[in-house]
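Each value in this text was obtained by applying a stated rule to the coordinates, not by laboratory testing. Please read these numbers as outputs of a predicted model, since none were measured by experiment. Cβ: placed from backbone, ideal geometry, glycine included. Neighbour counts: every protein chain shown.
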Amino acid sequence: MKKIFFVIIIGFILVIAAVTNPSKENFVIWAKGQLKSQYNNGLVNMGIEVFGDGVINSVTNTQNYVFFSVYDSKISNSNEVKVLGIFNNFIPLSKSSAGNN
């Protein structure tokens, strides 16, 4: 009985994870918000709002694993950010730049 209950709970968690796996569009919105809060400048924020969708979309690759996604934004050869998307949340995994290697 305990085994069946455990399997049902795990199955329920996996279904919830699959349903709440964030899309690339959700990631772009989140990334724009992160950039705006980082710079906190009216002019920069306006630029992020105008150009952010296209730029972030073009530099981001998504690996969708059904239950979660990994977003890899490669700004340049030496500047890359990896983010885990799971349960409608985003968790930064790594940030690399020329100075950090």
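Under 12 Å between alpha carbons, and skipping anything fewer than 8 positions from residue 82 in its own chain: which aspartates and glutamates qualify?
72
Helix 2-19 sits at what angle to the longest principal axis of the chain, using alpha carbons and giving 0 to 90 degrees rounded to 10?
Approximately 30 degrees, to the nearest ten.
Per the Kirkwood treatment, what hydrodynamic radius in Å, one decimal, follows for the chain from the mean inverse distance over all distinct Cα pairs?
The Cα-based Kirkwood calculation yields 15.2 Å.
So for the chain, taking the charge dipole from beta-carbon charges (+1 Lys/Arg, -1 Asp/Glu), which of 51, 33, 92 sits furthest toward the positive end?
92
7 Å from Cα along Cα→Cβ at both residue 17 and residue 64: what's the point-to-point distance in nm?
In this crude spin-label approximation the distance works out to 1.7 nm.
Report, ordered by chain and residue number, the aspartates and glutamates lying within cross-link reach of residue 74, taken as a straight Cα distance under 18 Å and ignoring same-chain residues fewer than 8 apart.
Within the straight-line cut-off, residue 74 pairs with 25, 53.
Under the 0.36 nm per residue contour assumption, what length would be gained going from the current alpha-carbon distance of residue 39 and residue 53 to full extension? Could you put the intermediate results ahead of the total?
On the way: separation 14, 0.36 × 14 = 5.04 nm, distance 1.67 nm.
Full-extension gain reported as 3.4 nm.
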